[in-house]
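The values are calculated or read from the model by the stated rules, or taken from the named source; none is laboratory data. Everything numeric in this text was worked out from a predicted model, so none of it was measured. Positions of Cβ are backbone-derived with ideal geometry, glycine not excepted, and every protein chain shown enters the neighbour counts.
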Amino acid sequence: MTQPTLHLFIPGLLHKVPEWLASYGEVGRYPALEWLLSRGDLHPTRDLPRETALCRLFGISEGIPAGALTRMACHPDEPLTGHWLCAEPVYLEAGIDDLVLTEASQLNLSWPEAEALATLVNEHFTHRPWTLEVSAPDHWHIHLPGDAGPGLETTPLSAAAGQRIGRLLPRKGPHANAWLQDLNELQMLLYPAPVNQEREGQGRKPINSLWIWGQDPLPSTPAQAPLAAAFGQGRLLEGLCQWGQVSCQPLPENAHAVLEGSRGDEHLVVLEDLWAAAAYDDIEGWRKGMEVLERQWFEPLLKAIQQGRVRSLQVHAGDGMVAVMGPTVRWQFWRRPRSLNDLLGGNTP
């Protein structure tokens, strides 16, 4: 049987490690991952948000058409007309000198709450050329009919989650000022909304803004992604697979299922276990996620490489580093396993 080529896309894998090493002195030991990274060739790449990096793996070389792709994933049988943007419901918390963003996966928003808030917004902004649509409680879209684009530059959600947002707001583009005015007005509208008053009364964070991003149009022709299949979940991945005609499979429990079903093709595995912990500076959550990945993915892949069952393994950290392990790494005995501290050298990749 021909050995497969596997791409592991693991956002949050290494991004916070240098900072945590400086603060805590250690982040734990993960022997299988350390072996893989030590034997592989580490290639620095552009430090891209996870959404951008995922689009690049599917051959989209410019922009992030996440609005169109996630709308396609949520409504696969409906045509894409006009322009679509992601409009994520978020909570903005006032800090000392800025606002810090918490995205919807941390807010436990229900369908009735989401629909009530979206109705409130649409009824207020009838004078504007856009409408708000709830595709899922934690994922909304803005639709602009016609050919005119939104006319602004935005920041992907993953680059804003857990961050101070002052420098990340959409300040560039011919219509950026109009969008900023809409966002300011929207925040004043949401503050006294009954849904938010009820959430705050229950000790839950309100939905007090939207994070707009992913406005780029889809390329006219799908790229010829070299992937035979992708394993994972998430609306962006589903939309990319649908657009690129790549088989999208549920994420299996561990690497064994991928290895047994792969026959010489290239496969992508998207592992999201670490992203939220890294975004919100949760080292304990990251360690727990790493222990799961070590047991279910890194250890089986290490054995598969040592047995010659994998042609190539590429680990995409999603934050400026790719580790490439070719068929000869199992013979490179002089490359001894090193800890993450030694590998990263205390510097952000």
Just one of (1) farther than 30 Å from Y280 by Cα; (2) of a type in the set (A, V, I, L, M, F, W, C); (3) surrounded by 18 or more Cβ atoms within 10 Å (Cβ to Cβ) trips up F125, so point out which. (3)
Here is a list: G40, G59, G82. Which entry is modelled with pLDDT under 90 and more than 20 Å from the chain's Cα centre (by Cα)? G40
Single condition R56 does not satisfy, out of (1) in contact (Cβ under 8 Å) with a residue 12 or more places away in the chain; (2) closer than 18 Å to M321 by Cα; (3) charged (D, E, K, R): (1)
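Kindly indicate which of S262, S247, S312 is more than 23 Å from T154 (Cα to Cα), among the small types (G, A, S) and at pLDDT 90 or above. Quick ask: steps written out before the conclusion?
Details: S262 fails: at pLDDT 90 or above; S312 fails: at pLDDT 90 or above.
Unique residue meeting the criteria: S247.
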Output for segment 115-128, where each listed residue is assigned to a helix (DSSP H, G or I) and touching a residue at least 40 places away in the same chain (Cβ under 8 Å): A116, L117, L120, V121, H124
Any chance segment 5-26 includes a residue that's surrounded by fewer than 22 Cβ atoms within 10 Å (Cβ to Cβ), assigned to a strand (DSSP E or B) and more than 19 Å from the chain's Cα centre (by Cα)? yes
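For segment 145-171, what are the residues that are basic (K, R) and not in a loop (DSSP other than H, G, I, E, B)?
Step one: of segment 145-171, the residues basic (K, R) are 164, 167, 171.
Correct list: R164, R167.
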